[in-house]
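Report on the following structure.
The values are calculated or read from the model by the stated rules, or taken from the named source; none is laboratory data. Quantities reported herein were computed from a predicted structural model and do not represent experimental measurements. Methodologically, a virtual Cβ is constructed for each residue, glycine included, from the backbone with ideal geometry; neighbour enumeration extends over all protein chains shown.
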């Protein structure tokens, strides 16, 4: 088994910035008595699904009746963000309630966007995950699906607070590549590879069966089910089981979304059948915007996944809890996946970690539809890898000047981007730059950017409150057990 570096070595290798006192101290609070008021929590995270890809967000291409009904019976957010346009950083924030740079998962060990197979880097075992917040409150916990926060044993869900794990450890497009030492795409149960390569067409079906089984087995106690679906995924052509192929009329991408909708219907039906409907908070969202330019949609937002556009980082978000979240409601306040950790901690009767900075805020007043509830965020920051590229405060979003990427140069025929200011309330598609018209707003948002640089860093500049990622000395491929 790979040896885990000491905290000092972690820090020296990956962060080279001071860690605040106690920042990596005890992970979980003391246990307390289970309460009848604690909700079950089901958190579904799709992979690369866009803002405009489901019916209740405007899609006319992908039929999603179960998700549309879920929105009608719950609340739909219009301004909900992930913290990155790519998988690993986004998922790190969901699990820890922190910006990716805070926990040093904004880049992989080679400076790339996401963790890859046989990667020495992963979520630090001393970080406190959502599962570790809820476990001391009596919750059964399971992760079923795509993890992507480290594929070495030290970083797997079973080492990060989950009682059990069933799924693939990284993206569905990270298949066998002998020249890179990548193994066949593995399916794990807990920490053992049980199938390799996994049949990607079957993943949604198998994840759904596992999810329903977990709900049935834990119906008498509070549970937290984290279901990061593998679809619609990272490949040009998505995967779906035979029963759903051709059902959407929108290629395999649309078929995968129709199957995801079916999966959600099965989960909601299981809750009703087991009498858990009014005791369960169900959340459905995506890890970043669509990257499929032929069949996907981030409309009416600008841009595609993998950058800092609205289309990359603003995602669909539906929450349903009959009797507690108002039905048919819409919230247009800014919120983020980072907010789920403190919010779910509150509902479970726990407290977020107090020995480290948590960037997320409690958004239960928004979810509960409380009168005059407002976003708890003064600002929200947009990073691309290590670069701080934009900030949103209220309705305004300011982009810093920067050079175009190679892809942007090719597709847009531009060499650089100027300072840009958009009012997202009146210009959701980010078409009208108003930086010259509102210099006072620009200065106010530039001051917020300076605060982020000091706190989280920017480019080679380290932030004073960053924490180390995990790192192993000799990573090994996950292989099928003979």
For residue 263, state whether it is surrounded by 20 or more Cβ atoms within 10 Å (Cβ to Cβ) and within 25 Å of residue 220 (Cα to Cα).
yes
Taking the condition part of a helix (DSSP H, G or I) and in the same structural domain as residue 225 (by TED's automatic domain parsing), does residue 142 pass?
no
When restricted to 63, 100, the only residue modelled with pLDDT of 95 or more, within 29 Å of residue 272 (Cβ to Cβ) and assigned to a loop (DSSP other than H, G, I, E, B) is 63
On the given criteria, is residue 178 out of contact with any helix residue (DSSP H, G or I) (no Cβ under 8 Å at 6 or more places or on another chain) and free of Cβ contacts under 8 Å to residues at least 24 places away in the same chain?
yes
Of all residues in the range 120-139 being crowded, with 24+ Cβ neighbours inside 10 Å and part of a loop (DSSP other than H, G, I, E, B), which is farthest from the chain's Cα centre (by Cα)?
139
Just to be sure before I move on: is residue 434 over 19 Å from residue 107 (Cβ atoms), at pLDDT below 95 and in contact with a strand residue (DSSP E or B) (Cβ under 7 Å, 6 or more places away or on another chain) in the structure I sent?
no
Would you mind stating whether residue 407 is within 27 Å of the chain's Cα centre (by Cα) and modelled with pLDDT under 95?
yes
For the range 156-164, indicate whether the set of residues that are in a loop (DSSP other than H, G, I, E, B), within 30 Å of residue 244 (Cβ to Cβ) and at pLDDT 95 or above is non-empty.
yes
Result of the Cβ filter at 6 Å on the range 271-287, keeping first residues that are assigned by TED's automatic domain parsing to the domain that holds residue 305 and part of a helix (DSSP H, G or I) and partners that are surrounded by 21 or more Cβ atoms within 10 Å (Cβ to Cβ) and at pLDDT 95 or above, at least 6 apart or interchain, is 271/280; 277/271; 279/40
Taking the range 218-229 and the residues there that are touching a residue at least 24 places away in the same chain (Cβ under 8 Å) and not in a strand (DSSP E or B), the one that is surrounded by the fewest Cβ atoms within 10 Å (Cβ to Cβ) would be 221
The number of residues in the range 183-200 that are buried (at least 19 other Cβ atoms within 10 Å of the Cβ) and either at pLDDT below 95 or over 20 Å from residue 115 (Cα atoms) (or both) is 0
In the range 230-250, anything surrounded by fewer than 18 Cβ atoms within 10 Å (Cβ to Cβ) and either touching a strand residue (DSSP E or B) at 6+ places or on another chain (Cβ under 9 Å) or assigned to a helix (DSSP H, G or I) (or both) is listed as 242, 243
Given the condition more than 28 Å from residue 460 (Cα to Cα), surrounded by fewer than 20 Cβ atoms within 10 Å (Cβ to Cβ) and in contact with a helix residue (DSSP H, G or I) (Cβ under 7 Å, 6 or more places away or on another chain), answer yes or no: does some residue in the range 364-378 qualify?
yes
